[in-house]
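Derivation of every value follows stated rules applied to the coordinates shown; laboratory data play no part. If you're wondering where the values come from, they're calculated on a predicted model, not measured in any experiment. Don't worry about glycine lacking a Cβ; one is built from the backbone with ideal geometry, like all the others, and counts go over all protein chains shown.
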Amino acid sequence: DSGVTQTPKHLITATGQRVTLRCSPRSGDLSVYWYQQSLDQGLQFLIQYYNGEERAKGNILERFSAQQFPDLHSELNLSSLELGDSALYFCASSVGGHLSYEQYFGPGTRLTVT
Amino acid sequence: TQLLEQSPQFLSIQEGENLTVYCNSSSVFSSLQWYRQEPGEGPVLLVTVVTGGEVKKLKRLTFQFGDARKDSSLHITAAQPGDTGLYLCAGARNNNDMRFGAGTRLTVKP
């Protein structure tokens, strides 16, 4: 158990819909990262927040957005969903803000878009 | 094309054998990490290397970071079935770019 929690574990929705994925970092960690893992693209870095502020941005689509709240939990919002958005979405956390800090991954949310 | 190329993509060996997997790039990374991921779970960090030429050992696993900080290798001695999993390398460039390789899927047969 990494100490990072993600909800829900599974999510099935239809194309065009909007969903919100939630992540709670390990106690004491200030950074939260979001990743997408699909069979054809592998693990893709989406975005990082550090202490409530956006710190780094990867291959995140404009239809996707994220935020980190004062209690440090984070939410990833996915809108206008397409079939290709079906994937595992992981959240990770680290104590520091640099990307080289050790990241601890949550169990993931499996999103299926039908 | 992946920024980080991992090879081999698949590896199936017998228990007790040694193996090496590689992570190569044309880019320089400020740090490189290796993770192991099991089906249905998140990746678990094995090691972080930051200095060119650095070698780190973790029990039967030996990690090396290339002198130019563009490549890395993971060597496993006397592999065990519990080593089975997807091995991912990940590199940080500057402080705003994190990339993962596609992974090496290792199967160790008893």
Rounded to a whole number, the mean other protein chain Cβ count within 10 angstrom for residues of A:94-104 is 5
The computed P(r) of chain A puts the percent of Cα pairs beyond 26 Å at 12 percent
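Run the dipole for the protein assembly as shown about the Cα centre, Lys and Arg Cβ at +1, Asp and Glu Cβ at -1, nothing else charged, and hand back the magnitude in debye, nearest 20. Each step should come with its number before you reach the end.
Numbers: 19 positive and 21 negative charges, 36 e Å.
Computed about the Cα centre, the dipole is about 180 debye.
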Amide H contacts under 5 Å for A:I47, restricted to residues at least 5 apart in sequence or on another chain and with H modeled in the peptide plane, are A:W34, A:G58
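Averaged over A:43-51, how many beta carbons belonging to a partner chain fall within 10 Å of each residue's beta carbon?
3
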Karplus-derived 3J(HN,Hα) from phi for the stretch B:52-61 (6.51 cos²θ - 1.76 cosθ + 1.60, θ = phi - 60°), whole Hz, x at Gly and Pro, runs x, x, 5, 10, 10, 10, 9, 6, 8, 9
Taking only C-alpha positions in the stretch A:17-57, Rg and Dmax in angstrom work out to 12.0, 34
The answer for the net charge of residues other than A:F105 whose Cβ lies under 13 angstrom from its Cβ, with Lys and Arg +1 and Asp and Glu -1, is -3
Listed by chain and number, the residues whose amide H is under 5 Å from that of B:G103, excluding neighbours fewer than 5 places away on the same chain and using placed H, are B:Q6, B:C89
Out of A:I12, A:I47, A:I60, a Gaussian network model of chain A with alpha-carbon springs under 10 Å gives the largest mean-square fluctuation to A:I12
For A:A14 and B:T20, extending 7 Å from Cα along the Cα-Cβ vector and measuring point to point gives, in nm, a value of 5.5 nm
All alpha-carbon distances of the stretch B:1-42, grouped into 10 Å bins from 0, give the whole-percent distribution 19, 45, 31, 5
Gyration tensor (Cα only) of the protein assembly as shown to equivalent ellipsoid, semi-axes in Å sorted down, yields 29, 20, 16
The value for the stretch A:73-114 (convex hull of the alpha-carbon atoms, volume per residue, Å³) is 94 Å³
Between the modelled labels at A:L61 and B:D67 (7 Å from Cα along Cα→Cβ) the distance in nm is 4.5 nm
With x for Gly and Pro, the residue-by-residue ³J(HN,Hα) of the stretch A:85-94, computed from phi through the Karplus equation 6.51 cos²θ - 1.76 cosθ + 1.60 at θ = phi - 60° and given in whole Hz, is 7, 4, 5, 8, 10, 10, 10, 9, 9, 8
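Report D for chain B in µm² per second (integer): Stokes-Einstein, Kirkwood Rh on Cα pairs, 4 °C, 1.567 mPa s. All intermediate terms of the calculation are to be shown ahead of the outcome.
Values: Rh = 13.9 Å.
Once the numbers are plugged in, D ends up at 93 µm²/s.
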